[in-house]
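What follows is a set of notes on a single structure, which appears directly below.
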Amino acid sequence: MGLQRAINSEDDCGVLEGNWGSYYEDGHSPSHWTGSSAILTEWLENQFEPVKYGQCWVFAGVMCTVMRFFGISCRVVTNFSSAHDANLTIDRYHSLDGIVDKSKDSIW
């Protein structure tokens with residue numbers, strides 16, 4: 001079993017159930033969580049029933065915590081401005097030297 005499957009409740013009694021809607025009354029809104037320990041504790045105390053609810057940043061945080069538990073160095077990288085514009089492409093790359101490279105067809 002891959003670790004990613006252990007986090008997603010869709011597979012193998014995973015930790016979190018995803019919800020990208022607006023109904024969270026039978027669980028918690030993904031923005032409720034401020035760390036992985038509360039999620040993992042709830043999962044354990046409820047005998048491995050999926051914790052409701054998570055979205056991408058919650059899944060990533062829990063995954064990072066589990067990876068670190070197993071001694072695998074990792075971190076979560078986030079941003080505020082993904083390629084969520086109309087064309088879903090990355091239009092510019094910035095190198096470490098500050099050079100801008102315009103891309104013609106880089107899909108995010």
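The values are calculated or read from the model by the stated rules, or taken from the named source; none is laboratory data. If you're wondering where the values come from, they're calculated on a predicted model, not measured in any experiment. Cβ: placed from backbone, ideal geometry, glycine included. Neighbour counts: every protein chain shown. We work out accessible area using only protein heavy atoms, side chains counted, and drop any ligands, DNA or RNA first. Shrake-Rupley method; radii C 1.70, N 1.55, O 1.52, S 1.80 Å.
Could you run the Karplus curve 6.51 cos²θ - 1.76 cosθ + 1.60 with θ = phi - 60° over the range 47-54 and give me ³J(HN,Hα) per residue in whole Hz, x for Gly and Pro?
For the range 47-54, the Karplus curve yields 6, 6, 7, x, 7, 10, 9, x Hz.
Using a 1.4 Å probe and counting only protein heavy atoms, arrange 68, 5 so the residue with the most accessible area comes first. Could the numbers behind the result be given before it?
Working: 68 140, 5 95 Å².
Listed by decreasing accessible area, they come as 68, 5.
What nm distance separates the two modelled labels at residue 75 and residue 20, each placed 7 Å from Cα along Cα→Cβ?
Calculated label separation equals 2.8 nm.
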